[in-house]
Amino acid sequence: MKPRVLINFACSLDGKIALKGGKAYRFSNPEDLQRVHKMRSESDIILVGKNTINLDDPKLVVNEKYFKSDRIPDVAILDSNLTVNKNARVFSYPRKVIIFCRKGIDGGEFGPGLTSKVIVRNSTSSSSHPDFVVRELGNIGYRNIMLEGGKSVITSFITEGEWDEISIFYSPTLAGDEGIPMFGPLKEPMKFEHIQTERLGNGFLVTIKKAF
Ligand SMILES: NC(=O)c1ccc[n+]([C@@H]2O[C@H](COP(=O)([O-])OP(=O)(O)OC[C@H]3O[C@@H](n4cnc5c(N)ncnc54)[C@H](OP(=O)(O)O)[C@@H]3O)[C@@H](O)[C@H]2O)c1
């Protein structure tokens, strides 16, 4: 069975998910952080791209400050050449971290010494196609994937149709045109179906699904 893929990210009113040069900025407010951490607690695994780990160094855990849960979700990282920072905080929790790399990369020596159990999965091609990643995670037994970015991973999963729902939190902030946009190039405009819009503190959350 294919897992459900919920995409979640926070952005400015001008649609940027980070500042110039990819510098992280906290667009989420406390109300949104409560929602995000609850969502993490309900997910089996959190999926991110290598750049998000190397640039932001997120822990990708459920922080009790925002939501109480004993759960530590597993993490999947898309990283074709295994260049993810081994000292990243994501590896310092007792959980599985699955790294998807390209065909032919030897991941044998990657894991030892890290608190997390690292599993390196080789893709069947030079990069990890979203369909391959979702199927592989489904075969391992994951049912609920939360995709937390960044721009390239969000774009590839959306354009390949490997998603079920997208939640976008809009902060009342402008990041300017040098910020990192939420999406990369698209071949053509994409239209979605609106599920709901709700106010969260000083921002608002838009949830969308595929239009059929
Ligand atoms: N506001 C938010 O909610 C939020 C959340 C997360 C991240 N961010 C921001 O997003 C920025 C990072 O975004 P990014 O686009 O540079 O990087 P990213 O999406 O985190 O990672 C992209 C990298 O992942 C690898 N990759 C492997 N398979 C892929 C696939 N199927 N699709 C896409 N990528 C794949 C590629 O590197 P290889 O070729 O080496 O494999 C690619 O360059 C940061 O500035 C961060 O702050 C914001």
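None of the figures in this text is laboratory data; all of them are computed from the coordinates on show. All figures in this text were calculated on a predicted structure; none of them were measured in a lab. Ideal geometry is used to build each Cβ from the backbone, glycine not excepted, and the neighbour counts take in all protein chains shown.
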Tally the residues that are touching a helix residue (DSSP H, G or I) at 6+ places or on another chain (Cβ under 9 Å), in a loop (DSSP other than H, G, I, E, B) and more than 16 Å from residue 58 (Cβ to Cβ), restricting the search to segment 1-24. 3
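Give me the residue from segment 1-41 that is polar (S, T, N, Q) and more than 12 Å from the ligand (Cβ to nearest atom) and, out of that set, farthest from residue 64 (Cα to Cα).
Going through segment 1-41, the residues polar (S, T, N, Q) turn out to be 8, 12, 28-29, 34, 41.
Next, from what is left, pick out any that are more than 12 Å from the ligand (Cβ to nearest atom): 29, 34, 41.
On the way: 29: 16, 34: 9, 41: 10 Å.
Here the answer is 29.
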Could you please find all residues in segment 64-87 being away from the ligand (no atom under 12 Å from the Cβ) and within 18 Å of residue 152 (Cβ to Cβ)? 75, 85
Taking segment 114-171, which residues are away from the ligand (no atom under 11 Å from the Cβ) and in a helix (DSSP H, G or I)? 135, 136, 137, 138, 139, 140
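Each row is one residue, and each column tells you yes or no for (1) surrounded by 10 or more Cβ atoms within 10 Å (Cβ to Cβ); (2) not in a strand (DSSP E or B).
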site	(1), (2)
177	no, yes
184	yes, yes
189	no, yes
195	yes, no
206	yes, no
Which numbered condition in (1) more than 24 Å from residue 206 (Cβ to Cβ); (2) near the ligand (Cβ under 9 Å from one of its atoms); (3) touching a strand residue (DSSP E or B) at 6+ places or on another chain (Cβ under 8 Å) is the only one that residue 44 fails? (2)
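Please pick out the residue among 157, 192, 212 that is touching a Pro at 6+ places or on another chain (Cβ under 7 Å) and aromatic (Phe, Trp, Tyr). Show your work before the answer.
Values: 192 fails: touching a Pro at 6+ places or on another chain (Cβ under 7 Å); 212 fails: touching a Pro at 6+ places or on another chain (Cβ under 7 Å).
Unique residue meeting the criteria: 157.
Going residue by residue through segment 25-40, is there one that turns out to be among the aliphatic types (A, V, I, L, M) and either touching a Pro at 6+ places or on another chain (Cβ under 7 Å) or part of a loop (DSSP other than H, G, I, E, B) (or both)?
Going through segment 25-40, the residues among the aliphatic types (A, V, I, L, M) turn out to be 33, 36, 39.
Now drop any that are not either touching a Pro at 6+ places or on another chain (Cβ under 7 Å) or part of a loop (DSSP other than H, G, I, E, B) (or both), which leaves none.
There is no residue in segment 25-40 that is among the aliphatic types (A, V, I, L, M) and either touching a Pro at 6+ places or on another chain (Cβ under 7 Å) or part of a loop (DSSP other than H, G, I, E, B) (or both).
Which ones in segment 163-210 are touching a His at 6+ places or on another chain (Cβ under 9 Å) and over 14 Å from residue 32 (Cα atoms)? Explain how you work it out, then say what you get.
So in segment 163-210, the residues touching a His at 6+ places or on another chain (Cβ under 9 Å) come out as 206-209.
Within segment 163-210, 208, 209 qualify.
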